[in-house]
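Beneath this line is the structure, given in C-alpha cells, with notes to follow.
Quick note: the coordinates plus some simple rules give every number you see, no bench work behind them. Keep in mind it's a predicted model, so treat the numbers as computed, not measured. Note that we place each Cβ from the backbone using ideal geometry, even for glycine, and neighbour counts take in every protein chain shown.
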Ligand SMILES: NC(=O)CC[C@H](N)C(=O)O
C-alpha cells in the first residue's frame, strides 16, 4: 500500500520525543519509527509541521503516518487509526519554582495557562476547567518559555517532556500530581489498515529483541 517509502509527519518541538539538533531530526519517536521501518524494509520520508496539522494531514492523505507523542483518544480514533500503544504518558502542570498558589488542577481556574494548539491539553482544560484562561501557542518551546518568563501561571503538557525541560531549567518545576493517564500511539491513515498491522508487528519485534528497551533507556532513563 505504501511502496518502499513511509511518509511520516511530526512536530519536532517536544524533547525527548522529537526535536532537532543542527536541523536534524532526533528523539525517541524518530528512532523508534526508523527502527520499525527497517524491520518493515521501508525508508522513512519525514515531514515536520505544527502539531495541529498532523491529524488533518492524515485525513487529507498528505502522509501515511504521524508520530509526535500523540495520545490515543476516542475523538482521534474517529478519523485515524492507531498502532498499539508504545509508551505511557499523562498530563501534568508546570509552574515557576517559587509558585505556591497552584498545587493541582483545581487551582487553575482564573489563572493563565499555556497549552499547545490541537493537543489533549486544550480539550482536557475545555472539558474539565473551562474557566482557565488558555494561551494557545503553536510550538512547545513557546509554551514552556511563557512559564519561564512569568507571562502565564502554568503550562499543561505531557509528563516526560515537562520533566526533561524542568531538569534543564532551574526556574520551573513539575507538580507531582498527574492530571490524566494516557498512552502514546502512532497515528495511521484509516485507508491503510495493512500499514497499521505491519507497524504493530514491527513494534512487537522491537520489543522482543531488546531494541525498544534500549531506546527507552537512551531517551528516558539515561542519566536519571
Ligand atoms: N506532541 C505534543 O506536543 C504533545 C501532544 C499530546 N500528547 C497530545 O496528544 O495531544
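Hey, what angle do you get for helix 28-39 against the long axis of the chain, alpha-carbon based, 0 to 90 degrees rounded to 10?
10 degrees
Could you tell me whether segment 1-81 comes out rounded, prolate or oblate from its Cα gyration tensor? Rule is a ≥ b ≥ c as square roots of the eigenvalues, rounded for a/c under 1.5, then prolate if a/b exceeds b/c, otherwise oblate.
Taking the square roots of the gyration eigenvalues as a ≥ b ≥ c, segment 1-81 is oblate.
Helix 159-168 versus the longest principal axis of the chain: what angle, 0 to 90°, nearest 10, using Cα atoms?
In the chain, helix 159-168 runs at an angle near 60 degrees to the longest axis.
Sort 181-189, 106-114 by the packing proxy (mean of other Cβ within 10 Å over each peptide's residues), most packed first. Show your work: numbers first, answer last.
Values: 181-189: 22.0, 106-114: 17.7.
The peptides rank, most packed first, as 181-189, 106-114.
Between segment 188-221 and segment 103-154, what's the alpha-carbon centroid distance in Å?
What the calculation gives is 31 Å, centre to centre.
What is the helix-to-structure angle for 193-208, meaning the angle in degrees between its Cα long axis and the longest Cα principal axis of the chain, kept from 0 to 90 and rounded to the nearest 10?
Long axis of 193-208 versus the principal axis of the chain: about 80 degrees.
Once you sort the root eigenvalues of the Cα gyration tensor of segment 129-224 as a ≥ b ≥ c, which label holds: rounded (a/c under 1.5), prolate (a/b larger than b/c) or oblate (the other case)? Spell out each step's value before the answer.
Values: a/c = 2.83, a/b = 1.62, b/c = 1.75.
The shape class here is oblate.
Classify segment 45-139 as rounded, prolate or oblate from the Cα gyration tensor: take a ≥ b ≥ c as the square roots of its eigenvalues, call it rounded if a/c is under 1.5, otherwise prolate when a/b beats b/c and oblate if not.
Prolate is the answer for segment 45-139, as a/c is 1.5 or above and a/b outweighs b/c.
How big is the antiparallel share of DSSP beta bridges in segment 1-65, given as a percent to the nearest 5?
For segment 1-65, the DSSP antiparallel bridge percentage is about 35.
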